[in-house]
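Below is one structure, written out as structure tokens; the observations come after it.
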Amino acid sequence: MKTKCIGILTAGGDCPGLNAAIRGVAKAAIQYGIRVVGIQDGFRGLVENRIVDLDNKSVSGILTQGGTMLGSSRDRLSAMPMGDKTLDMTDVAVSNLTRLHIDCLVCLGGDGTQRGALYLQEKGGVNVMTLPKTIDNDVGLTDITFGFDTALGIATEAIDRLHTTATSHHRIIICEIMGHDAGWLALGAGIAGGADVILIPEIPYDLSVIGQHIDHRRMMGKRFSIIALAEGAVSIEELTHKKKDKPKVIRDGMIEEPKAHRIARQLRELTGVDARVTSLGHVQRGGAPSATDRLLCTRLGAAATQLLNEGTYNVMVGIKNNACVPFPLHEVAGKTKLVPPDHPWVKTAHLVDTCMGAPDCMAQRGL
Ligand code: F6P
């Protein structure tokens, strides 16, 4: 079957590089004579039939821009809030795609989008193609996701800046880093920024181990410590006792004590060193993509279109050994890529005397 028209949408949390990927797909498609239809705000816009034609002019100048020109949403076809109901809107999506004569829907997104695209393929019989987008780097099978490199740079720069102020005031500074349930971003930025402690969800931490490390640093004349804390990090205690991260009442009303603040308080009590928290939040997802992400997005987008033009559908185009590779979507969807505790980056962290918070951390570092 000759591909004549494709739709493209961006779903889930945005990230730098989405526009570069849209441009990569669209420019290559235009070269092949394929019509490109942009769908606004992810699967929500598909159901509501909000579309824009993408031509050379509309995708020109977007390579360097952060965010997504199409808008995004986290709405899923299988359970979409519609008024006061939550409905499966797959049939509506399929009829809109049919009316637009779209031969294949290209979905740019993370873990949830891979699952959403597979659902549309299996339930709606629609041809789909996906690209792995997320600052979390947690999509299965691909070596890397786009957006990760830019966020890594932002988080690393933040740690650099925190270093100078932590040193001046002899403080512990906890830098909370996104990543959902995966520790890639905190681990990568922690190593690149020279954090003294890195806490990731895949390696549950023991607070006393961190306290010992901070004491040890103090004995060596280092009166400050930087902690790169992944947002999904958990303590052994929480895991063992299945203790929920309950909000803590500080004064009169209900004021939550978020995890990073709780760790800061506990470390202050444990070590006597003053502690502060910086939560990087959505700064990590904002702004222009790095050169590495622009290159990656353009490669993935163009490769996806090349495959579409050859009639290959229902795959995610990812990276394996630096090559653009189509992975069957059913093998990718639902496979979250976590940091294996024996990953080379973890080994590197140990080798440069970074505390990862686990009880065997000292032994891992040869102490
Ligand atoms: O998946 C990307 C991500 O930025 C995660 O790192 C984070 O947990 C989540 O999205 C935040 O989502 P939202 O922007 O919806 O608050």
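Normalised by the number of residues in the chain, what is the relative contact order in percent for Cα pairs under 8 Å and 6+ residues apart? That works out to 23 percent. Taking N as the residue count of the chain, its C-alpha radius of gyration divided by 2.2 N^0.38 Å amounts to 1.09. Each part gets one Cα centre, and for the stretch 109-156 versus the stretch 1-41 those centres are 15 Å apart. Loop-resident GluC sites (Glu not before Pro) (DSSP state other than H, G, I, E or B) in the stretch 263-341 with no more than 12 further Cβ atoms inside 10 Å of their Cβ: Glu310.
With unit charges on the beta carbon (Lys/Arg positive, Asp/Glu negative), name the residue among Cys324, Leu141, Met219 whose Cα is farthest towards the positive pole of the charge dipole of the chain. It is Cys324. Taking the alpha carbon gyration tensor of the stretch 251-311, multiplying each eigenvalue by 5 and rooting it gives semi-axes of 47, 15, 11 Å, largest first. Of the cross-linked pairs Lys123/Lys335; Lys259/Lys335; Lys57/Lys123, those separated by over 31 Å at the C-alpha level are Lys57/Lys123. Reported to the nearest whole Å, the Cα centre-to-centre distance from the stretch 263-283 to the stretch 54-91 is 37.
Look at Tyr205, Tyr32 and count the other Cβ atoms within 10 Å of each Cβ; fewest to most, that gives Tyr32, Tyr205. Evaluated with a Cβ-only charge set (Lys, Arg +1; Asp, Glu -1), the stretch 1-138 carries a dipole of roughly 420 debye about its Cα centre, given to the nearest 20.
Computed from the coordinates by the stated procedures, all read-outs in this text should not be read as laboratory data. For clarity, every value in this text was computed on a predicted model and none was experimentally measured. Counting neighbours? That spans all protein chains shown, and the Cβs are built from the backbone with ideal geometry, glycine included.
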